[in-house]
Amino acid sequence: MNGNSMTFDGRRVLVTGGARGLGAAIAASFAGAGARVAVWDAPGAMALDYPLSGAAELDAARAVVGPTGHVAAVDVRDVAQVRVALPAAVAALGGLDVVVCAAGVRTAATAATMSDAAWDDVVDTNLHGTFHVLREALGPLGDSGRGRIVVIAAEEGRRGAFGLSHYAAAAWAQIGLAKSLAHEVAEQGTAVGVVCPGVMDTAMSADPSYWAVLQAGRDGSLAVTAPDRGAAEHALRVRHPSSATYADVGAVVRAVEQLVAEPGLDRTGAVVDVSAGLAATNTA
Amino acid sequence: MRNFEGRTAVVTGAAKGQGRSHAIALAQRGANLVLVDIAAQIPCASRMATPEELDETARIVESLGAPCLTLKADTRSPEQMRDVVAATVERFGRVDVLLANAGIAAFGPVREMADDVWRDVVDVNLGGVAASIRAVAPVMAAQRSGRIVATASSVGREGGPNNANYAASKWGVIGLVKSVAIELAPYGVTVNAFSPMSVSTDMCHNDLTYGLFRPDLEAPTTDDVRATFATLNPMAVPWIEVGDATEAVLFLASDEARYITGTALDVAGGWNAFHSA
């Protein structure tokens, strides 16, 4: 059951990246609140230092969404797959009211040392994947008349980030895309919001190359002898105004649900920070 | 003022528009020039430069006495950009300035946006800037000096209806620049974005753009769109001139801007005053 007693009875929700991590928490919360939920995940191979979801995670998602839900292996980088999968999800759910774009990956490398594949994996998934899904979803969301889009970006979309220039660029670009789209789809009754989570305790954060970036400090100046999760978590506590190690997954889920639950368009175009207090360092 | 005497500057998108203006000004101020342009049309984009225009930029630059290397390259290709940097180092020994200026525009609502209209605009404006920066970053870090200026846009500071591809790409440039600024700061390399309003070039003056500003007219002329463009900023300027862009970019590339890094400099008639940050 979701943490804030919201009900989403009968609402038809697609969650990309919904079989693991934050996406799975979002899918489970909507399902628990009465929504009919479609989950996409299990993309093709990428050069990451943590495992992507696969068949086992999709099976678990099937149990979560139940018989009224829908689960499919979809790689959002592949526009052809998305073109086929979106109508299939809409057919399975009997329409579409909500899309949560939570499919995203992260690697860590400075721009001077970054491989071409590292740039492509992150930008293709996080930015192009978001576009592919949203473009195909706009028709069904318009038919709904109360469409809701929530794009999961990242707190690195609010500032520069050492060792994460590809991830930051994609997150900033996701925000630019979402704000542009908010203008375009208001007339069809669709609201667009962005949630920027800080670092969460999910599979994505079980990544030694990412620990090393955290250990180096926000300006990358601290010497790192070896990646160490404990040292990375200490660095997070030091950096976070809340003094928490991680941004709370439940808090991020609630932010998503609040944007979805808002009945009108007053919050369209908004960017909501759920980042263990890092919003205190934002200029606006 | 020869404040770039002996410096080597790589300018992408140098065949015309802002890039040509930057190149000419750098030549006048003493720089060695590396002129990079795809010099070919990408189908969805407003008119792009020809090989003849790239040659013409080279001719002007050389007539000003500037040593000049002219390279046809597609900024979307990291491999080609690494080749550009290698050729630059071979010819001039170093790279002092990168103006990651190459960009394209094509419009439409997301719902109807063709694959190439999304992909080509994002790949050139963001991917191409990233490929250019990634190619030059190791060289500038090793030199322990350098100036990188990437061209963003006022549309990188807010949402742009019918322009989501362009807005996404330019927001992405600012996030990229701020990140690389942090990474290269210890090496004395500054990395900034330049965020202009419409600049009076082919990207501004074309049927596609005019149609976006005056969808009510069949074939809007420059006079038809001037007032509409001018509503975007409190100074009520319809578009700035390339020289206005060049002055800002060259300032960011100059010694005087040594402690300016990670910024996005708005040259926008105050449009930016409407923005939250």
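We did not get these values from a lab; they are worked out from the coordinates using the rules stated. Only a predicted model underlies this, so the values are computations on that prediction, with no experimental measurement involved. Neighbour counts run over all protein chains shown; Cβ positions are idealised from the backbone, glycine included.
How far is the Cα center of the range B:35-113 from the Cα center of the range A:52-105, in Å? If we compute the Cα centre of each part, the gap is 41 Å. The B:TYR187 and B:GLU241 beta-carbon pair, evaluated with R₀ = 35 Å, returns a calculated FRET efficiency of approximately 0.55.
A helix-only calculation puts chain A at -13000 deg cm²/dmol for mean residue ellipticity at 222 nm, using -39500 (n - 2.57) for each DSSP H run of at least four residues, averaged over all residues. Taken along the Cα-to-beta-carbon direction at a fixed 7 Å, the label points for B:GLN28 and A:VAL84 span 5.8 nm.
Between B:ALA142 and B:PHE274, what is 0.36 nm times their sequence separation minus the Cα-Cα distance? Round to one decimal in nm. Could the numbers behind the result be given before it?
Values: separation 132, 0.36 × 132 = 47.52 nm, distance 4.01 nm.
Additional length available on full extension: 43.5 nm.
Between B:ALA86 and A:ASP143, the simple label model (points 7 Å from Cα in the Cβ direction) yields a spacing of 5.3 nm. The stretch between B:MET1 and B:ASP115 holds 36.4 nm of extra length on full extension. This uses 0.36 nm per residue minus the Cα-Cα distance.
When Cβ neighbours within 10 Å are restricted to other protein chains, what is their mean count per residue of peptide B:68-76?
Values: counts 0, 0, 0, 0, 0, 0, 0, 0, 0.
If you average over the peptide's residues, the count of other-chain Cβ atoms is 0.
Note on A:125-137: average number of Cβ atoms from other chains within 10 Å of each residue's Cβ is 3.
For the range B:181-256, the Cα gyration tensor yields ellipsoid semi-axes of 34, 12, 10 Å (square root of five times each eigenvalue, largest first, whole Å). Summary of packing: across the peptides B:163-175, A:266-278, the per-residue average of other C-beta atoms within 10 Å ranks them, highest first, as B:163-175, A:266-278.
Working from label points 7 Å from Cα in the Cα-to-Cβ sense, the A:ALA91 to B:ASP207 distance is 4.0 nm.
Estimated from the Cβ-Cβ distance and a Förster radius of 56 angstrom, the FRET efficiency linking A:GLN258 and B:ARG94 is about 0.60.
Extension gain for A:THR225 to A:ALA47 (0.36 nm times residue separation, less C-alpha to C-alpha distance): 61.8 nm.
Would you please state which residues of the range A:183-217 a label at A:ARG237 would reach in this model, taking the label point 7 Å out along Cα→Cβ and a backbone N cut-off of under 15 Å? Answer for the range A:183-217: A:215.
Shape of the range B:121-196 from the C-alpha gyration tensor: prolate (a/c of 1.5 or more and a/b above b/c, with a ≥ b ≥ c the square roots of its eigenvalues). For the pair the range B:163-183 / the range A:136-197, the C-alpha centres are spaced 15 Å from each other.
Counting, for every residue in B:101-109, the Cβ atoms of other protein chains within 10 Å of its Cβ and taking the mean gives 1.
Rounded to the nearest 0.05, what FRET efficiency is calculated for B:ARG226 and B:ARG59 with R0 set to 41 Å and r the Cβ-Cβ distance? Rounded to the nearest 0.05, the efficiency is 0.80. Kindly express, to the nearest 10 degrees and within the range 0 to 90, the angle between helix B:51-63's C-alpha long axis and the longest C-alpha principal axis of chain B. Once rounded, one gets 50 degrees. Its residues counted as N, the range B:99-144 yields a C-alpha radius of gyration over 2.2 N^0.38 Å of 1.52.
Using mean Cβ contacts within 10 Å as the protection proxy, how do B:118-131, B:29-42, B:253-266 order, highest first?
So the peptides B:118-131, B:29-42, B:253-266, ranked by packing, come out B:118-131, B:29-42, B:253-266.
Compare the peptides A:172-184, B:193-205 by average per-residue count of other Cβ atoms within 10 angstrom and give them in order, highest first. Walk me through the intermediate numbers first.
Details: A:172-184: 27.5, B:193-205: 22.2.
Order by mean packing, descending: A:172-184, B:193-205.
What the phi angles of the range A:250-262 give under the Karplus curve with 6.51, -1.76 and 1.60, with θ = phi - 60°, is a coupling list of x, 5, 5, 4, 4, 4, 4, 5, 5, 5, 6, 6, 4 Hz, glycine and proline written as x. When +1 charges are put on Lys and Arg Cβ atoms and -1 charges on Asp and Glu Cβ atoms, the dipole computed for the protein assembly as shown relative to its Cα centre reaches about 940 debye.
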